[in-house]
Amino acid sequence: MFDFSFGELLIVMVVALVVIGPEQLPKVARTIGALAGRAQRYIAEVKSEVQREIQLEDMKNLQQSVTAEARALETSLRAGIASMEENARALQAQAGEAMAAFTVTDEAAPAPAPQSTETADAADAATDAADEAAPQTEPAAPAPDAAPQEAAAVADAPASSVFDPLKQESAHTT
């Protein structure tokens, strides 16, 4: 900052010794040293205050940029959520239309009425009576996994004596 050579400093000391005197020179030197220390501390405080202000300004700028990014992210998320809700509503509407179309086709076809056990028994009896009245021209073919003895017995039996479990049961009970 100041460019003093050793010769210049020596001249200033000699002049100070002559002007101030040897008795007052140590007191003046202490006072000048204390003032120089205070000046250095003041300069250091000013520097640190400037540094704090610069950091505070940087933090404010950083906060503003983060806040702006957060707002942008929030708006994009809200737009995405709105889009997803709109898609969900559209899918729900399509599902409702599909269910309505499915319901219409179900209502057009009559559903079979549930039968009670008495109705089912009467239907079975009618089927059995129709089977007995129908003339049988061929013997029934044996099941593919039937034993060879059963197949031979069915082939040798006359057409009128086909095995009927209901007839066998009624013959045994009478």
> What are the residue pairs meeting all of these: first residue in segment 1-29, first residue in contact (Cβ under 8 Å) with a residue 24 or more places away in the chain and within 28 Å of Ile43 (Cα to Cα), second residue among the aromatic types (Phe, Trp, Tyr) and not in a loop (DSSP other than H, G, I, E, B), Cβ atoms under 8 Å, and 6 or more apart or on different chains?
Replying inline: none
> Failed condition for Asp3, given (1) of a type in the set (D, E, K, R); (2) exposed (fewer than 10 other Cβ atoms within 10 Å of the Cβ); (3) assigned to a helix (DSSP H, G or I), with all others met?
Replying inline: (3)
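Laboratory data are not the source of any read-out in this text; all were calculated from the coordinates shown. Just so it is clear, the structure is predicted and the values come from calculations on it, not from any experiment. No Cβ is skipped: glycine too gets one built from the backbone with ideal geometry, and neighbour counts run over all protein chains shown.
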